[in-house]
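Here's the structure, in structure tokens; my notes come after.
The values are calculated or read from the model by the stated rules, or taken from the named source; none is laboratory data. None of the values given here were measured: they were computed from a predicted structure. FYI the Cβ positions are ideal-geometry reconstructions off the backbone, even for glycines, and counts take in every protein chain you see.
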Amino acid sequence: MNGKLVTILQISDSAFPTGGFSHSVGLEAAIKLGIINTPENFKQFTVQCMENAGSFSLPYVTAAYHSCMDQDRLTDLDSRCQACLNNHVANRASIRQGNSLIVTAAKIFPDEQIRRIETLLEQDVLHGHYTVMFGFLSAVLQLDLHEAHQMFVFGVLRTIIASAVRLGNVGTIEAQRIQFELQEGVDNIIKRYARMT
């Protein structure tokens with residue numbers, strides 16, 4: 001069995017407890033405001049969220065991946081993310097998901113680096129933003145950077161699709177059809193944003 005693939009599947013599974021399932025990436029608000037009222041609006045919203053994740057988040061994922069052994073650099077990246085995420089809802093969600101990711105990973109994967117970051121979170125040295133923690137964890141688990149990028153952007157897509165089903169905005173089969181259609185754009189987003197700093 002391919003150990004890396006199994007690890008990728010485990011981390012990207014919606015059952016991996018990071019709290020991402022409860023966060024709708026703004027979908028719930030967009031529905032309530034009447035911004036999303038057609039299947040086409042829903043697809044456009046989803047693509048825009050994936051693009052936003054690419055342009056804002058992938059540079060943090062990449063930098064944290066390359067800095068996984070450098071505590072000062074990780075702290076700096078986390079502080080920069082804190083400064084840039086000024087929407088309090090998105091900020092809080094990012095911190096909760098990032099902390100949950102590391103706390104869960106520390107219980108599952110026997111790795112001293114993960115436990116060290118967990119300690120820094122407990123001591124409030126780090127905020128623990130999801131993008132930074134995700135990049136760090138991907139590197140520590142020796143996942144390929146491109147696969148980490150794919151997991152990250154796919155995770156945004158999967159979260160929106162799951163939220164749409166949960167909110168009754170789209171049926172399960174239609175949601176999976178839309179996900180299949182839109183996941184083709186993941187690599188294009190990665191090509192455009194993964195090397196940004």
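Residues in the range 85-96 that are in a helix (DSSP H, G or I) and at pLDDT below 95: H88, V89, A90, N91, R92, A93, S94, R96. Please work out if A93 is within 20 Å of D144 (Cβ to Cβ), within 18 Å of the chain's Cα centre (by Cα) and among the aliphatic types (A, V, I, L, M). No; evaluated as a whole, the condition is false for this residue.
Matching residues to (1) in a helix (DSSP H, G or I); (2) closer than 12 Å to S12 by Cβ; (3) touching a Ser or Thr at 6+ places or on another chain (Cβ under 7 Å); (4) of a type outside the set (A, V, I, L, M, F, W, C):
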{"position": "H127", "(1), (2), (3), (4)": "no, no, no, yes"}
{"position": "F154", "(1), (2), (3), (4)": "yes, yes, yes, no"}
{"position": "A164", "(1), (2), (3), (4)": "yes, no, no, no"}
{"position": "I173", "(1), (2), (3), (4)": "yes, no, no, no"}
{"position": "I178", "(1), (2), (3), (4)": "yes, no, no, no"}
{"position": "L182", "(1), (2), (3), (4)": "yes, no, yes, no"}
{"position": "G185", "(1), (2), (3), (4)": "yes, no, no, yes"}
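Any chance the range 102-117 includes a residue that's under 20 Å from M50 (Cβ atoms), in a helix (DSSP H, G or I), modelled with pLDDT of 95 or more and within 18 Å of the chain's Cα centre (by Cα)? There is no residue in the range 102-117 that is under 20 Å from M50 (Cβ atoms), in a helix (DSSP H, G or I), modelled with pLDDT of 95 or more and within 18 Å of the chain's Cα centre (by Cα).
Q82 meets each of the listed conditions (1) in a helix (DSSP H, G or I); (2) within 18 Å of the chain's Cα centre (by Cα); (3) within 29 Å of F180 (Cβ to Cβ); (4) not basic (K, R) apart from (3). Identify, from the list Q44, Q10, the residue that is in a helix (DSSP H, G or I), out of contact with any Lys or Arg (no Cβ under 8 Å at 6 or more places or on another chain), modelled with pLDDT of 95 or more and under 20 Å from V156 (Cβ atoms). None of the others qualify; the one that does is Q44.
Taken residue by residue, the range 148-162 has no member that is surrounded by fewer than 15 Cβ atoms within 10 Å (Cβ to Cβ) and more than 12 Å from the chain's Cα centre (by Cα).
Within the range 91-106, residues that are under 13 Å from L121 (Cα atoms) and among the polar types (S, T, N, Q) have Cβ atoms under 8 Å from residues that are surrounded by fewer than 21 Cβ atoms within 10 Å (Cβ to Cβ) and modelled with pLDDT of 95 or more in these pairs: N99/L121, counting only partners at least 6 apart in sequence or on another chain. The single condition among (1) closer than 21 Å to I114 by Cα; (2) in contact (Cβ under 8 Å) with a residue 24 or more places away in the chain; (3) part of a helix (DSSP H, G or I) that F16 does not meet is (3).
Would you call G185 loosely packed, with under 14 Cβ neighbours inside 10 Å and out of contact with any Gly (no Cβ under 6 Å at 6 or more places or on another chain)? No.
Looking at the range 45-52, can you tell me whether even one residue there is surrounded by fewer than 15 Cβ atoms within 10 Å (Cβ to Cβ) and more than 14 Å from the chain's Cα centre (by Cα)? Yes, the range 45-52 contains at least one residue that is surrounded by fewer than 15 Cβ atoms within 10 Å (Cβ to Cβ) and more than 14 Å from the chain's Cα centre (by Cα).
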